[in-house]
Amino acid sequence: MREFPTVTDLIGHTPVVRFPHVQPAGGARLLAKLEYMNPGGSIKDRIAGPMVDAAERDGLLKPGGTIVEPTSGNTGVGLAMVAAQRGYRCVFVMPDKMSREKIALLRAFGAEVVVCPTNVEPDDPASYYSVSNRLSEEIPGAWKPDQYSNQANPKAHYAQTGPEIYEQLGDDLHVLVCGVGTGGTVTGLTRYLRERLPSLEVVGADPEGSIYHSPEIRPYLIEGVGEDFWPTTFDPETVDRWITVSDRDAFLAARRLAREEGVLVGGSAGMALHAAIQVCRETPPEKNVLVILPDGGRPYLSKVFDDAWMIQHGFLERVGEAPSIAQVLRAKTADATEVPAFVAVGSNQRVSEAIALLQQYGISQLPVVRRANGDAAHVLDLGDLVGAIHERDLLDHVFRDHDALNVEVSTLMAPPLSVVRCADAVDAVYGDLQERPAVVVADGVVPVGVLTRSDLLDYLARAR
């Protein structure tokens, strides 16, 4: 019988390609190693097996054990593939800036995902580093690979990725451009390649706000690269110089590559590409510049490749002037003369009364206030908003228990709707409506209306 590989046997041996349309005129030749062609979709596939192998060999991970790891997603996918084949449970801890596709992808492999806030210090109990430490201590049989300190990380690139590149380019490699996250890739690659190419120049690409080359550490949107601390898997001596890249430049470079070369990559690859193009312009045309493109673009379709998300974050210009939220609200109320601008239900009213209001005005959610909407003696302000009632939630409660019709609204209400201001452009409300069905519109501190996804969609459709 013929022998065939398993999926993890396919890791590595990714191609090097040229980009004729993105290639800077008169500069060095731009080449790229396409790491998204690994079976898990990223360069992190390369370190998963070696880290697990070492843990098994050292008795740190035993049959039936659990892998707990803080990850931006890609390392998790690599570990999840290995875990699926070897029968391990996986719990991954991710910062909340990661795309929803990445979270869904990890769950598709059967992993459990815990999401933590991004904008906290690494030693904060809520950080994804701290949470992963706690879980690895609490879960019986847990092992934390810790790609930030696990020396199997750079060793994997020394043993595999470096030799691949030398086999593909040999002495014709002059400059290497690489994004730096854990630092394992650039450290392992450079150590191997410099043994054979002592004059190799290595350029590190770093997001604005990362510790490696920014004067000020602050949040950024590029995923999987840069850090707010120094990992021990990174040898700073391997990088000759740094190029700092903004979120905007990284994302626009990724979009350009898709549209001009037909290559779909993620934001960190866009960052590395932007830096590599700059290096090519500064390097003689007889030289070769190789950029490592760490992952593909499919996990970022809801972000980097979504025009609305890019406009919302100021990375793309809107065609035409953006309408204000007040304009959208006026258009809604002009069409619905029988519906008050702001309809709410009192927290002490019965659920049956809330349902009657939903049916009367043909709406699917209501803000909940301290007093009933008909209390003319009191002018509502934002401080009176204590919750919200949603048609879907009411259906669930009443279907399960008909007596729920007679309880007070306060017992079934959800948290209050988000608040947006009349003077804001619709860009300000778009993000909220991605996550929630409706928002409250305020004029100063006075709530003056409610906008839903349907309201905004209807306005935009008619404004064309």
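The values are calculated or read from the model by the stated rules, or taken from the named source; none is laboratory data. Just so it is clear, the model here is predicted, and its values are computed rather than measured. Here Cβ is always computed from backbone atoms with ideal geometry, including for glycine, and neighbour counts include all displayed protein chains.
Tally up the residues in segment 265-287 that are surrounded by fewer than 19 Cβ atoms within 10 Å (Cβ to Cβ) and not in a helix (DSSP H, G or I), please.
So the count comes out to 4.
Taking residue 202 as the residue in question, decide whether it is closer than 25 Å to residue 267 by Cα, surrounded by fewer than 21 Cβ atoms within 10 Å (Cβ to Cβ) and in the same structural domain as residue 295 (by TED's automatic domain parsing).
Yes: the conditions hold for residue 202.
Consider residue 76 against the criteria (1) more than 27 Å from residue 291 (Cα to Cα); (2) in contact with a strand residue (DSSP E or B) (Cβ under 7 Å, 6 or more places away or on another chain): it satisfies all of them except one. Which criterion is unmet?
(1)
Looking at (1) touching a residue at least 60 places away in the same chain (Cβ under 8 Å); (2) crowded, with 19+ Cβ neighbours inside 10 Å, which is the only condition residue 85 fails?
Here residue 85 meets the rest and fails (2).
Could you count how many residues in segment 364-408 are β-branched (Val, Ile, Thr), modelled with pLDDT of 85 or more and over 39 Å from the mean Cα position of the chain (by Cα)?
Qualifying residue count, segment 364-408: 1.
Taking residue 242, is it within 24 Å of residue 156 (Cα to Cα), assigned to a loop (DSSP other than H, G, I, E, B), among the hydrophobic types (A, V, I, L, M, F, W, C) and not assigned by TED's automatic domain parsing to the domain that holds residue 99?
no
So which residues in segment 176-186 are of a type in the set (S, T, N, Q) and within 10 Å of residue 162 (Cα to Cα)? Write out each step before concluding.
From segment 176-186, those of a type in the set (S, T, N, Q) are 182, 185; that's our starting set.
Result: 185, single match.
Give 181, 170, 226 a once-over and let me know the one that is on the phi > 0 side of the Ramachandran plot, outside the structural domain of residue 72 (by TED's automatic domain parsing) and part of a loop (DSSP other than H, G, I, E, B). If you could, list the steps in order and put the result at the bottom.
Numbers: 181 fails: on the phi > 0 side of the Ramachandran plot; 170 fails: part of a loop (DSSP other than H, G, I, E, B).
Sole residue among the options that is on the phi > 0 side of the Ramachandran plot, outside the structural domain of residue 72 (by TED's automatic domain parsing) and part of a loop (DSSP other than H, G, I, E, B): 226.
Starting from residues that are among the acidic types (Asp, Glu) and either under 17 Å from residue 345 (Cα atoms) or not in a helix (DSSP H, G or I) (or both), keep the ones in segment 409-460 and report whichever is modelled with the highest pLDDT.
That would be 443.
Looking at residue 90 and the list (1) in contact with a Gly (Cβ under 9 Å, 6 or more places away or on another chain); (2) not β-branched (Val, Ile, Thr); (3) not in a strand (DSSP E or B), which single condition is not satisfied?
Tallying (1) in contact with a Gly (Cβ under 9 Å, 6 or more places away or on another chain); (2) not β-branched (Val, Ile, Thr); (3) not in a strand (DSSP E or B), residue 90 fails exactly one: (3).
Restricting attention to segment 126-154, report how many residues are more than 18 Å from residue 116 (Cβ to Cβ), over 25 Å from the mean Cα position of the chain (by Cα) and surrounded by fewer than 20 Cβ atoms within 10 Å (Cβ to Cβ).
Total satisfying the criteria: 3.
May I ask you to verify whether residue 111 is of a type in the set (A, V, I, L, M) and closer than 15 Å to residue 139 by Cβ?
Here the answer is yes, as residue 111 does meet what is asked.
Look through 398, 386 and report the one residue that is of a type outside the set (Ser, Thr, Tyr), part of a strand (DSSP E or B) and not assigned by TED's automatic domain parsing to the domain that holds residue 303.
The unique qualifying residue is 386.
Where residues in segment 38-63 are surrounded by fewer than 21 Cβ atoms within 10 Å (Cβ to Cβ) and in contact with a strand residue (DSSP E or B) (Cβ under 8 Å, 6 or more places away or on another chain), which of them is nearest to residue 283 (Cα to Cα)?
Per the stated criteria, the residue is 55.
Restricting to segment 161-186, count the residues that are over 23 Å from residue 283 (Cα atoms) and buried (at least 18 other Cβ atoms within 10 Å of the Cβ).
7
Filtering segment 1-21 down to residues that are outside any strand (DSSP E or B) and touching a Lys or Arg at 6+ places or on another chain (Cβ under 7 Å), which residue is nearest to residue 293 (Cα to Cα)?
14
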